[in-house]
Amino acid sequence: MTPAVIIPTYNEFENISQLIAELRVIAPNLTIVVVDDNSPDGTGQVVDALAARDARVQCIHRPAKLGLGTAHIAGIKSAIAQGLEPILTMDADFSHAPRFVPDMLRSIEQADVVIGSRYVTGGGTLHCALPRRALSRGANLFARLTLGLRADDATAGFRAYRRAVLESIALDKIQSNGYSFLIEMLYQCQKQGWRINQVPIIFENRQRGASKISRQEIFKALGTVIRLRSENGRLQSPMPQSNP
């Protein structure tokens with residue numbers, strides 16, 4: 001299997017070159033698919049220059065800032081079309097450290113979905129202010145209690161999927177787009193009974209560039225949880241998971 005990682009970007013000029021360089025060292029056979037939303041700072045052009053020298057670096061250019069969810073979907077569809085597997089997703093700002101990618105790849109050998117989690121034994125956060133940590137914990141608790149999700153870090157964007165999982169989900173029918181997309185994807189994975197593992201990671205708040213999380217995104221995520229509960233109900237079946 002040839003793995004791929006999907007990295008949505010918007011104004012990540014300060015991070016993307018170093019991130020790709022570290023990924024290339026840690027996982028030399030990884031295909032890196034950057035989905036850039038027409039970043040004004042030239043992120044897409046930086047990736048194009050790297051892609052010209054490395055066939056395993058690709059950039060999907062989109063015309064505007066269209067949202068995290070659709071960026072994930074665009075990258076996932078591209079990876080599926082190329083026959084790549086497993087398919088990882090991660091942020092471009094080093095909150096998801098490349099050093100955890102090998103752990104994700106090992107864990108997916110025994111699972112269908114892997115979540116890089118802050119909230120399992122061995123995981124944690126760095127440089128995150130108390131209000132942000134409290135907000136994250138609260139959002140996760142609300143999603144888990146309302147929807148019956150059994151993953152400790154339901155809002156995590158650092159994930160690995162087997163291709164069959166992604167092919168089983170009607171991606172174009174996912175209604176949420178921003179960070180709430182991650183909750184809806186996890187809901188669909190658990191609903192279908194896919195095996196979900198968790199591996200501990202240290203989530204580090206970005207040191208360069210501006211955060212993309214807004215108060216509006218938070219309210220959208222809460223709305224997504226309420227909509228999923230109203231339309232589909234609370235999940236009841238157990239979700240196999242482990243913390244290798």
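The values are calculated or read from the model by the stated rules, or taken from the named source; none is laboratory data. Owing to the predicted nature of the structure, the values given are computational and were not obtained by experimental measurement. Neighbour counts are summed over all protein chains in view; Cβ atoms, including those assigned to glycine, are modelled from backbone coordinates with ideal geometry.
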What residue, among those in segment 148-176 that are within 21 Å of L66 (Cβ to Cβ) and free of Cβ contacts under 8 Å to residues at least 60 places away in the same chain, is surrounded by the most Cβ atoms within 10 Å (Cβ to Cβ)?
I169
Residues located in segment 199-244, provided they are more than 28 Å from A111 (Cβ to Cβ), of a type in the set (A, V, I, L, M), under 19 Å from the mean Cα position of the chain (by Cα) and modelled with pLDDT of 75 or more
L222
What tally of residues in segment 59-83 results from selecting those that are buried (at least 21 other Cβ atoms within 10 Å of the Cβ) and either within 24 Å of D103 (Cα to Cα) or touching a strand residue (DSSP E or B) at 6+ places or on another chain (Cβ under 8 Å) (or both)?
8
Subset of segment 5-64 (residues that are more than 20 Å from R163 (Cα to Cα), among the basic types (K, R) and not in a helix (DSSP H, G or I))
R62
All but one of (1) within 16 Å of the chain's Cα centre (by Cα); (2) over 25 Å from D152 (Cα atoms) hold for K65; which doesn't?
(1)
Count of segment 1-22 residues which are surrounded by fewer than 22 Cβ atoms within 10 Å (Cβ to Cβ) and in contact with a Leu (Cβ under 9 Å, 6 or more places away or on another chain):
5
